[in-house]
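Heads up, the thing below is written out as structure tokens.
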Amino acid sequence: MSKQHFTNGHALIIGVGADLPGTINDAEGFANILKDEGRCAYPPEQVALFTSTDAHRQAVLKALDDLAQATDEASTMILYFSGHGYKHGNAYYLMTYGYQLDDLDGTTISGAEFADKIAAIPAKQKVILLDCCHAGGVGHIKGLSLTKSPLPLPSEAMDLFSQGAGYILIASSTEQEYSFTGEPYSVFTGVLIEALCGTGVAKKDGYVRVADLALHTREQVPKLTQDRQHPILHFEQADNFIIAYYAAGDTQPKICPVSTQNASYQHNPYNFWVPVIPAQFVGRVKELRQLEMQ
């Protein structure tokens, strides 16, 4: 099969930077694999990348509005955010560049705003990937024990995900765990890139599906971190939809430009926070395999 663009693919990639400089490299690497003409083959003009000073509140909100204008029901949308997350009372915030803790409403994006913006995007197939850490999490370790019960879900996120099929959200780790940074990318981002290159795909028909992303992340991140980091996800009622090519329409995967097996990883000195996830991968192998079979 000849190379071709994944024309329905749209993406918004955000790496806030500032006191988390590695998030810029992660965001750039993730954007590059989506635009790679020999792999995911998203049209470059449909992959928006915002890093450092460009990733401020107004720019990100406008980019979300632009996605709503650029997509339709047949589109596939990926949103990747790497930076701080913050909880204040019962409210949740994504900390965009230049955030001020004494002006959260004016310098960050609240969970309610985020959910409203995502809901306004008409694409029926949406993948949200969060690599968020808890602001002020330095030295604040809650322990590494895991629970198999659902994590609490903010009400605005519950409203968003109750709308049915097409919403997939994967986050890097539980709030009780550190997430690992590394070279060239964090564990989570490196494994995502591997999956988008076709590593571990089930059907080998040229496409990456959401179950491929979920299963590869679930299996590899704990392995690479000696069982100290466990991604979590929400996929109830979601279909196993296609999110990208892995070889620009060909069925034979190419060598991935990133090898997580040879990368160097270390603990991030922040406690990663996941704002809108109701369920862990732990104990969910059966459900994941059922999703994979769709």
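If the requirement is being of a type in the set (Ser, Thr, Tyr) and at pLDDT 50 or above, which of these qualifies: Ser162, Ser145, Ser179, Ser149?
Numbers: Ser162 fails: at pLDDT 50 or above; Ser145 fails: at pLDDT 50 or above; Ser149 fails: at pLDDT 50 or above.
None of the others qualify; the one that does is Ser179.
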Among residues of region 10-35, those that are hydrophobic (A, V, I, L, M, F, W, C), in contact (Cβ under 8 Å) with a residue 60 or more places away in the chain and farther than 21 Å from Tyr93 by Cβ, counted: 4
Conditions (1) buried (at least 21 other Cβ atoms within 10 Å of the Cβ); (2) at pLDDT 90 or above: number failed by Tyr92: (2)
Boolean, Ile78 is in a strand (DSSP E or B), closer than 30 Å to Cys256 by Cα and β-branched (Val, Ile, Thr): yes
Subset of region 223-249 that is within 26 Å of Lys126 (Cβ to Cβ) and out of contact with any strand residue (DSSP E or B) (no Cβ under 7 Å at 6 or more places or on another chain) - its residue that is surrounded by the fewest Cβ atoms within 10 Å (Cβ to Cβ): Gln237
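The values are calculated or read from the model by the stated rules, or taken from the named source; none is laboratory data. Quantities reported herein were computed from a predicted structural model and do not represent experimental measurements. Reconstructed Cβ throughout: ideal geometry from the backbone, glycine too, with neighbour counts over all protein chains shown.
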